[in-house]
């Protein structure tokens, strides 16, 4: 068990942070969505699970992921171009 934690500690930590961020996003989005429904005089969603499978949450989640993957793609391309320019290509 000790070697498993040592070998996979970073992955475990990042998975925990990922889960916490998704839960935080779900809680904040649920509260915001219920406020928006209350403004328009509609009944709030009863369970959090119903919000999690709604288009509102999934749309926000995938928009966030899309922007992050785009950002990381640009950084990786810029880094590889800079390395190619500096070192004359990667052998």
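The values are calculated or read from the model by the stated rules, or taken from the named source; none is laboratory data. Treat the numbers as computed from the prediction; the structure is a model and nothing was measured. A quick note on method: Cβ atoms are made from the backbone with ideal geometry, for glycine too, and the neighbour counts reach across all protein chains shown.
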* To do: Examine segment 63-75 for a residue that is touching a residue at least 24 places away in the same chain (Cβ under 8 Å), within 13 Å of the chain's Cα centre (by Cα) and surrounded by 11 or more Cβ atoms within 10 Å (Cβ to Cβ), and state whether such a residue exists.
  => yes
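So is residue 30 surrounded by 11 or more Cβ atoms within 10 Å (Cβ to Cβ) and either assigned to a helix (DSSP H, G or I) or within 25 Å of the chain's Cα centre (by Cα) (or both) or not?
Numbers: surrounded by 11 or more Cβ atoms within 10 Å (Cβ to Cβ): yes; either assigned to a helix (DSSP H, G or I) or within 25 Å of the chain's Cα centre (by Cα) (or both): yes.
So residue 30 passes the test.
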* Asked: Residues in segment 38-58: is at least one surrounded by 10 or more Cβ atoms within 10 Å (Cβ to Cβ) and within 13 Å of the chain's Cα centre (by Cα)?
  -> yes
* **Residue in segment 44-91 that is modelled with the lowest pLDDT, counting only those that are farther than 21 Å from residue 27 by Cβ and not in a helix (DSSP H, G or I)** => 91
